[in-house]
Amino acid sequence: MREKSLKTATKIVSLGRDKKYSKGVINPPVFRASTIVFDSLEEMRFAARNKHNGEMFYGRRGTPTHFGFQAAIAELEGGAGTALYPSGAAAIAGSLMAFLKSGDHLLMVDSAYEPTRDLCDKVLKGYGIETTYYDPLIGKDIAALIRPNTKVLFLESPGSITMEVQDVPTLARIAHEHGLIVMLDNTWASPINSRPFEMGVDISIQAATKYIVGHSDVMMGTATASEQYWDQLREHSYLLGQTTSADDAYLAARGLRTLGVRMAQHEKNALAVANWLQSRPEVDHLRHPAFPSCPGHEFFKRDFSASNGLFSFVLKEGTAEAMTAFVEGMHHFKMGFSWGGYESLILWVSGIQNIRSATRWDASKPLIRVHIGLEDPEDLIADLEAGFARYHEAMAGK
């Protein structure tokens, strides 16, 4: 396929724009559809035979708007096909439920996105699926946790909030030696900053809500599978009723076209802010994968081509009053969940120890997670500097 030899920046612009999807216009049009009508039985049968090859058959199967976007994501991540979901959480749930059944055992990384953990503890458990959480830095010792009924190894690298980078190739190799399916929440890297299938991943999941869409206005998830698992993932997702609107698929595809330049600017801005934070006397250490203080930094250097705007930093101390004063008075940083949009966000994350079971977290040192947006980093640094002034004022009154 000619696109294999293209540079990533060119792929982002060109993929998914084949005339069979775009009908010749720059952006593939929005095909809003439920029922597809046919003029003959032969035409209907042809559509049924080719419903997985870009032929419209029924709206839930997709339209050219969806097909073009799916083709682009699959090519960028390196898989055989991509399924679409109404959110990142739905993509995780859909992927796990496509391959797990009652009596199976799941290995889940301890630093996973909190809704993933809730899914395991509150939904999968009710279906008779047992979950064991493991240290994200376990490496080759994962073998000791694999049981005869273990079916899936789930990774998230870097981990949510605490940003541990996993040794994905080693974990995938050992998992495959035992016949496991390897799934990875690859949202932090986006489809362009790592090559999950080259590292042994079988299913790569994205919260497209974040960097792919890039404008904080669409909820969407993607799951891209290898050739071995694509048919099962696609059909189970279809049977579970997972679908997205053509309008959302259009917006996600449009966001994809600027992903490369946005990611580069997010990274540049974040590195400027992170370097400034590293010099602050209040900061104990950075949890930014590109910095040596981040657990698993060596794997980031090996497995990622770039970083982005999301990282955390840990303070040496901080009362509840001081942390509240720090985050509540920001001008450019807004408090809010998610990340990946053009805006900067900030969260003081307390209670991390309550969502860990295989690892311990030092709760005495406050953690702040930031998403560095596309604002000028000098303005963001000034915002944080004012926050530290409020922090010190509150600490002095403790």
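The values are calculated or read from the model by the stated rules, or taken from the named source; none is laboratory data. Please read these numbers as outputs of a predicted model, since none were measured by experiment. All Cβ positions, even for glycine, are placed from backbone atoms using ideal geometry, and neighbour counts span all protein chains on display. The accessibility values were calculated without ligands, DNA or RNA, using every heavy atom of the protein model including side chains. Shrake-Rupley method; radii C 1.70, N 1.55, O 1.52, S 1.80 Å.
Quick one: length gained pulling Ser364 to Phe38 fully straight, 0.36 nm per residue minus the C-alpha distance?
110.8 nm
Determine how many Å³ per residue the convex hull of the Cα atoms of the range 61-183 encloses.
117 Å³
How large is the accessible surface of Lys20 in square angstrom, using a 1.4 angstrom probe and rounding to the nearest 10?
110 Å²
Taking only C-alpha pairs under 8 Å that are 6+ residues apart, what is the relative contact order of the range 33-149 in percent?
Once normalised by length, the contact order is 18 percent.
Evaluate Rg over Rh across the range 102-256, taking Cα atoms for both radii and Kirkwood's formula for Rh.
0.96
Can you give the accessible area of Tyr127 in Å² (nearest 10), computed on protein heavy atoms with a 1.4 Å probe?
120 Å²
What shape does the range 251-354 have by the C-alpha gyration tensor, where a ≥ b ≥ c are the square roots of the eigenvalues, rounded means a/c under 1.5, and otherwise prolate means a/b greater than b/c and oblate the rest?
Note, shape of the range 251-354 comes out oblate.
Find which of Ala47, Leu107, Ala80 sits farthest along the positive direction of the dipole of the range 1-154, computed with +1 on the beta-carbon of Lys and Arg, -1 on that of Asp and Glu, about the Cα centre.
Ala47
Report the one residue of Ser364, Phe154, Leu315 whose Cα lies farthest in the direction of the positive end of the charge dipole of the chain (charges on C-beta: Lys and Arg +1, Asp and Glu -1; origin at the Cα centre).
Highest projection toward the positive end goes to Phe154.
Would you mind computing, in nm to one decimal, how far apart the modelled labels at Tyr342 and Asn149 are, each placed 7 Å from Cα along Cα→Cβ?
Result for the modelled spin labels: 5.1 nm.
Quick check: with the 1.4 Å probe, what order do His285, His105 take by accessible area, largest first?
Final ranking, largest accessible area leading: His285, His105.
Tell me the carbon and sulfur percent of the accessible area for the chain, rounded to whole percent, probe radius 1.4 Å.
52 percent
Sorted from largest down, give the three principal axis spans of the alpha carbons of the range 296-358, whole angstrom values.
Principal extents (Cα only, largest first): 40, 34, 21 Å.
What percent does the relative contact order of the chain come to when contacts are Cα pairs within less than 8 Å and at least six residues apart?
16 percent
In deg cm²/dmol, rounded to 500, what helix-only [θ] at 222 nm does the chain give when every DSSP H run of at least 4 residues adds -39500 (n - 2.57) and the total is split over its residues?
Computed mean residue ellipticity for the chain: -11000 deg cm²/dmol.
Over the range 254-398, with the other protein chains present, what is the accessible area per residue in square angstrom, probe 1.4 angstrom? Display every interim value, and only then the final one.
Values: 6570 Å² over 145 residues.
Averaged over the residues of the range 254-398, the accessible area is 45 Å².
If the only charges are +1 at each Lys and Arg Cβ and -1 at each Asp and Glu Cβ, what is the size of the charge dipole of the chain around the Cα centre, to the nearest 20 debye?
940 debye
Probe 1.4 Å, all protein chains in place: accessible area of Asp247 in Å², nearest 10?
60 Å²
Using a Gaussian network model on the chain with a 10 Å cutoff between Cα atoms, which of Asn27, Asn53, Asn269 fluctuates the most?
Asn53
Under 29 Å from the Cα of Lys268, which lysines turn up, not counting those fewer than eight places away in the same chain?
Within reach: Lys4, Lys7, Lys11, Lys210, Lys301, Lys316, Lys334, Lys365.
Which whole-number value in Å² is the accessible area per residue of the range 92-218, probe 1.4 Å?
I get 32 Å² per residue for the range 92-218.
Pulled fully out, how much extra length does the chain show between His331 and Ala382, if you take 0.36 nm times their separation in residues and subtract their Cα-Cα distance?
17.4 nm
Let me have the relative contact order for the range 186-285, percent, based on Cα pairs under 8 Å that are six or more residues apart.
24 percent
Quick check: convex hull over the Cα atoms of the chain, volume per residue in Å³, rounded to an integer?
Per-residue hull volume (Cα only) is 141 Å³.
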